Structure formats: structure tokens, C-alpha cells
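Visitor: Here it is: the structure, laid out below.
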Amino acid sequence: MRVHSLLLNCVLILSVMLPTNAFPASVLAGAGSSAASLVYGSWAQAYADIGGTSIRYDPVGSSAGLARIKEGSVDFGASDVVPDDRQNPGATLVVFPTMVTGAVPVVNLPLPDQVAVRLDGAALADIFLGRIARWNAPRLAALNPGVSLPDLPILRVVRSDGSGTTHNFSDYLSKVSDEWRSRYGVASKFDWAGEVMRAKGSGEMARLVAATRGAIGYVDFSYVVDRGLRGVQLRNREGRFVGASAEAFAAALAASAWPATGEFSSSLTDMPGARSWPLTMGTFVLLERRSREPARARQVVDFFTWAFLHGDELVARGAFVRLPDRVQAKAYRALTSVVDVQGNPVGFGGLAAVR
């Protein structure tokens, strides 16, 4: 597989080695996952620095990203969830992953920096169900021996918009809590019961948690790193308490079906393995399969091809995890499947030949 990937990269390098003045001057528009906005922003800046097409990315949430690409108001959408058959009837959208990351419960508590708050899945579900209301509740104290948890009310911060992070968060809670599964299930947006603080986007979620003593929310790991938030440790399927990290996401990814099969629609939450982070998730790009604006679609293909070729460095810089070789090969093939309304591939000849 490694040999195949190296050969594939050679073909792709030939496809994108253009002089800088060959890039069109138009601005491409993307929208969707707020979790992935930091890395897409850094990719766009790095691409512009080498003379690539300018890209404007709007972190409006996964649901809005799907809606915008379907209505044709952006050049690409981004989501932390693979659209199902109802959302992508007839496979009119091309979907491919770009990286792997993780959702992280974050708290604002008056504790020493070196103290890591520990939670298990059942307690996390009960907190967001409103069943555990104070930080010094006996169940939380039992999970944190030797830690003097404060006598503060738990203030839940939730997403008000349709969010892929919420989808993956609820997917995990549905696996570890029967009550959560029966009451809420898995969705990108909820009508939350009780008193909650609502945030639009990961950035607003991070801001509210950081500003509110006693708060708990959930954000992508990149926001934990970028904003200096206090992430909790979670007990994984093996009974080990682990912290969020690129290594823990990679462990969960390795335990999934993704590396062996190249299939990427299955959930990465609650994977086995002593080091696995329970809230690992992928993030994805959505493109029109039959582009109404092939010249712009070609620029999008160029950008993501370039991003894959430089992905190891750029993804690691953003605390994300690169795709396994088999998955990356499928992502390349997905790029080649974008065509114009007559069915002609929009990519370069060298790229279009790789199927």
C-alpha cells in the first residue's frame, strides 16, 4: 500500500506543479465544520503563500455546510459527519475525509493546572442529561479521588447550530448510556432540556466555557490547544483514563476499520484499545459531483490535491491525524470523480487518470 501511495503521489505532483502565475485570481468559498476551521484556515494561508487561489472559509457548522453545497452557494462544504442517503440522494455529492481529530469535553473549574478532571461516559451523559447538577456530586468525586472538586453548579454549554461535533458527541453518549440513547439518540442538533447556555460554532463554545466558572462544553481538540482550555480525561472501553491527543486519536483510528478497508463512513467513537480516545472523529469535504462551474471546481480539486500532498506536515501542525494510506487513496479517487455537466473530468489529465 505504501508503494501504491508513493506512485500515486508522483502522479499528483506532476499534476499540480504549475508556475504561480497559472493560478486563477478568483476567491473560492467554503463553509461548514467549525471544528475544522483552524486547519482549513492554515491550509488556505499556506496555499496563498505559494501563489495559490485565495480561499474564504466560513465556519457555520456541519449542517449549514451541507446545506450550502447542496444549494450551490459555496465551492465546497465541510462536515464532521458523512451525509446519509437521505441527505445525499443519488450520491450527487462527492464526499471524502481530510483528517482525523477528536471532540473534547472542556471545563472551567478553579483547580490547579496540573489536575485533570476524570469522567466516564455514563457520568458525561448524565451531566448533559441534567441528572448530575453539581461538580462535587458523589459520582464525580468517586471518579476523582484525591481531587477537591468545587461546590459549584454545573453549567452546560451546548451548540445551538447543527454541528458535526454534536453528532459525534451524541453518537458516543448513545453507545455508553441507555438513557441518552432512548431520550436523545444521535443527531447534529437537539432541543436541550433544562437550563443551558447555547453557542453558535466551536469558537463561541470555547469562548463561553472560558468565560464561565463551572461550565462544561465540548469542542474540537484544536480549540483546546489554541485557546488553552482544560480538557477532561475520559475512561475508554478498556477502562483506562486517557487525555485527548493526536496519539490517542491515532490509536482509535488504528483500531477502526478505516486502515484495513479504506472505508471511512463508520464512526470512530468508542473504539477499543488502551490508548484510544473515545471521542475520535473524522472530518470531510463535500463537493458537487457534476459541477455547474467546472473552472472553479478544478481550482478546488487543485487545492485539496495540494493539501493531501503536504498533508502530513500541515495536519500535524494543527494537532490532527493524517489519513491512513488506503483512505487517502480513496480520497484521491473521489477528487477525480468530479465532472462537469457533460461528464468530463474537471481535474488535470494526470489526476483524472488515477482511479
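Each value in this text was obtained by applying a stated rule to the coordinates, not by laboratory testing. The model shown is predicted, which means the values in this text are computed figures rather than measured ones. Neighbour counts run over all protein chains shown; Cβ positions are idealised from the backbone, glycine included.
Visitor: So what are the radius of gyration and Dmax for the Cα set of the stretch 73-186, in Å?
Guide: Calculated on Cα positions, Rg and Dmax stand at 17.8, 56 Å.
Visitor: Name the helices (complete DSSP H segments) of the chain with a Cα length along the long axis of 15 Å or more and a Kyte-Doolittle mean of at least -0.5, or state none.
Guide: The answer, listed by residue number, is 2-16, 37-49, 201-211, 294-309.
Visitor: Can I ask one more? Rounded to the nearest 5, what % of the DSSP beta bridges within the chain are antiparallel ones?
Guide: In the chain, approximately 60 percent of DSSP beta bridges are antiparallel ones.
Visitor: Please provide three numbers in whole Å: the alpha-carbon extents of the chain along the principal axes, with the largest listed first.
Guide: Computed over the Cα atoms, the extents are 64, 39, 37 Å.
Visitor: Loop-only check: which chymotrypsin sites (Phe, Trp or Tyr not before Pro) in the stretch 140-249 are DSSP coil with at most 11 other Cβ within 10 angstrom?
Guide: Counting only loop positions with at most 11 other Cβ atoms within 10 Å, none of the chymotrypsin sites (Phe, Trp or Tyr not before Pro) in the stretch 140-249 qualifies.
Visitor: While we're looking at this one, here's another question. Would you mind ranking E195, E204, E288 by Cβ crowding within 10 Å, fewest neighbours first?
Guide: By the 10 Å Cβ count, ascending, the order reads E195, E204, E288.
Visitor: Which lysines have a Cα lying under 28 Å from the Cα of K70, excluding residues fewer than 8 positions away in the same chain?
Guide: Counting by Cα, and skipping residues close in sequence, K70 has these lysines nearby: K189, K200, K330.
Visitor: For V117, V157, V219, which order do you get if you count the other beta carbons within 10 Å of each Cβ and list the fewest first?
Guide: The fewest-first ordering by Cβ neighbours comes to V117, V157, V219.
Visitor: Under the 0.36 nm per residue contour assumption, what length would be gained going from the current alpha-carbon distance of I50 and T92 to full extension?
Guide: This chain segment gains 11.9 nm when fully extended.
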